[in-house]
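A short reminder: the numbers here are calculations on the coordinates, not readings from a lab. Predicted model, so just to flag it, every value in this text is computed and none were measured. Quick reminder, even Gly has a Cβ in these numbers, built from the backbone with ideal geometry, and neighbours come from all protein chains shown.
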Amino acid sequence: MVIWRGYGILVVVFMGVCMVAAKAGAESLWGTPLPIEKRQLYELLGMWLAAGAVYGLHLAVTKLNPPRTVVDQQTGEELKLVSKHDLFFVPIKYWSIVLVALGVLFFVQ
């Protein structure tokens, strides 16, 4: 089961699309079927592409939905409203780091 809030599901979508694109690029470069020694390289590249896309998503979401400050009329207290976007309770701004680490893990396996 996938748990997300806001645009968090796009982390999975970007990861899948980038992995497919990296595999297609590797197969067009080295031929089909892909040599086994090149598999680690395309997995690293795919994860790093996904990390870049997720970081771009974080920047876009932050720019398009900046925090809003509202004032409670009864108490006069200021409240900051921030939109939340996460996947498995991890905010999307940290998923780029996770994807880079996964790419390195796949490469050294």
Consider GLN74 against the criteria (1) within 25 Å of the chain's Cα centre (by Cα); (2) more than 21 Å from TRP48 (Cβ to Cβ); (3) not aliphatic (A, V, I, L, M): it satisfies all of them except one. Which criterion is unmet?
(1)
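Of all the residues that make up region 1-49, how many are hydrophobic (A, V, I, L, M, F, W, C) and within 13 Å of the chain's Cα centre (by Cα)? Lay out the reasoning, then the answer.
First, the residues of region 1-49 that are hydrophobic (A, V, I, L, M, F, W, C): 1-4, 9-15, 17-22, 24, 26, 29-30, 34, 36, 41, 44-45, 47-49.
After this cut, where a residue has to be within 13 Å of the chain's Cα centre (by Cα) as well, the list is 4, 9-15, 17-19, 47-49.
The total comes to 14.
Identify, from the list LEU34, LEU57, LEU41, LEU45, the residue that is surrounded by 10 or more Cβ atoms within 10 Å (Cβ to Cβ) and not in a helix (DSSP H, G or I).
Numbers: LEU57 fails: not in a helix (DSSP H, G or I); LEU41 fails: not in a helix (DSSP H, G or I); LEU45 fails: not in a helix (DSSP H, G or I).
Result: LEU34 is the single residue among LEU34, LEU57, LEU41, LEU45 that is surrounded by 10 or more Cβ atoms within 10 Å (Cβ to Cβ) and not in a helix (DSSP H, G or I).
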Could we say that GLY8 is buried (at least 19 other Cβ atoms within 10 Å of the Cβ), touching a residue at least 60 places away in the same chain (Cβ under 8 Å) and of a type in the set (Gly, Ala, Ser) here?
yes
Odd one out for ALA26 among (1) of a type outside the set (Phe, Trp, Tyr); (2) free of Cβ contacts under 8 Å to residues at least 24 places away in the same chain; (3) in contact with a strand residue (DSSP E or B) (Cβ under 6 Å, 6 or more places away or on another chain); (4) surrounded by 17 or more Cβ atoms within 10 Å (Cβ to Cβ):
(3)
